[in-house]
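Asks: To start, I am sharing the structure in question, which I have written as structure tokens.
The values are calculated or read from the model by the stated rules, or taken from the named source; none is laboratory data. All values reported here derive from a predicted model rather than from experimental measurement. So basically every Cβ, Gly included, is an ideal-geometry build from the backbone, and we count neighbours across all protein chains shown.
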């Protein structure tokens, strides 16, 4: 398997950069030789199956645990050495938010803000109210945190990350526990933050959400980074599939093979035939670059294959994830 190259650019163009980052627990490597390259201003989706090392990576990035070896640069500073200068510019939500249960949402944020030495007390009240409004919790600001749903606690955690202007936002499963409307609101919020110049690094298991909000993707499995790059580049790495409806299945398979389809990928026809059209549905994986749909149809017609339906479908993010990891997607680990 070929790993996509890291995002290009100088160090100054990267909000997060790691080199050979490794985290070991005894003989077990939770993260191995990780080279992340997160462009400034991007929304970077950090994907991986359960136990792939995503949360361990995030904890190392933020200085919550030490790396066994390797280097980390956050916003141009070396971590953890420059943490005092770097971390005030970073907002984070990691492994679910924790709050004082018998304080209100507003009081929780006020306490958390007071613990931030870089946060001015004179603007605390207005900043807390603005953060609550931005995540849609103004109506529940006076409610005790123990009465918040999981989704509301997630929003409160994001509000805490937004109390001060941030150059980088690190979010671990920000849509966890949210209903569809809340998920859409978080997606919109993340894109708006990126539009304002904030780099967002988001770990998520919601593939459809990642496709809609991320500009760049990194895929982890068993502690290793399998690929990273733009969302479009990642999709382009996948096979495109030809889907054909024809009564001439055998002749169609011959034509598609002559056009360069891999025998390993195979040419498949569905059984029974489509009774409404009196035709079989034939599928094949396209492995030849630059072969246009028009040229495929022309070759079929030239061989007297009757074409009653035709499409070339690109790989989805889920297709690429399964191709890379060899497994489906469950929950983040």
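Asks: Can you find a residue that is in a loop (DSSP other than H, G, I, E, B) and either at pLDDT 80 or above or closer than 30 Å to residue 30 by Cβ (or both) anywhere in the range 255-274?
Replies: yes
Asks: Is there a residue in the range 128-138 that is at positive phi and in the same structural domain as residue 165 (by TED's automatic domain parsing)?
Replies: Checking the range 128-138: at least one residue is at positive phi and in the same structural domain as residue 165 (by TED's automatic domain parsing).
Asks: So, one more: Kindly state which strands (runs of 3 or more DSSP E) lie completely within the range 57-139 and contain at least 3 residues that are without any contact (Cβ under 8 Å) to a residue 24 or more places away in the chain.
Replies: Result: 77-79.
Asks: Restricting to the range 53-71, what's the tally of residues that are in contact with a helix residue (DSSP H, G or I) (Cβ under 6 Å, 6 or more places away or on another chain) and crowded, with 20+ Cβ neighbours inside 10 Å?
Replies: Qualifying residue count, the range 53-71: 1.
Asks: Let me ask something else. Just to be sure, is residue 171 buried (at least 17 other Cβ atoms within 10 Å of the Cβ), closer than 26 Å to residue 46 by Cα and either outside the structural domain of residue 185 (by TED's automatic domain parsing) or at pLDDT below 95 (or both)?
Replies: So residue 171 fits the description; yes.
Asks: Criterion first (surrounded by 15 or more Cβ atoms within 10 Å (Cβ to Cβ), closer than 24 Å to residue 153 by Cα and over 20 Å from the mean Cα position of the chain (by Cα)) does residue 93 satisfy it?
Replies: no
Asks: I'd like to check something: does the range 61-70 contain any residue that is under 14 Å from the mean Cα position of the chain (by Cα) and assigned by TED's automatic domain parsing to the domain that holds residue 173?
Replies: Looking for residues that are under 14 Å from the mean Cα position of the chain (by Cα) and assigned by TED's automatic domain parsing to the domain that holds residue 173, one finds none in the range 61-70, hence no.
Asks: Output the residues belonging to the range 149-164 that are within 21 Å of the chain's Cα centre (by Cα) and at pLDDT below 90.
Replies: Passing the criteria: 151, 154, 155.
Asks: For residue 185, are the conditions met, namely being touching a helix residue (DSSP H, G or I) at 6+ places or on another chain (Cβ under 9 Å), in the same structural domain as residue 51 (by TED's automatic domain parsing) and over 18 Å from residue 54 (Cβ atoms)?
Replies: yes
Asks: While we're on this one: Could you tell me which of the residues 218, 197, 223, 229 is in contact (Cβ under 8 Å) with a residue 60 or more places away in the chain, surrounded by fewer than 16 Cβ atoms within 10 Å (Cβ to Cβ) and in the same structural domain as residue 29 (by TED's automatic domain parsing)?
Replies: Answer to the selection: 197.
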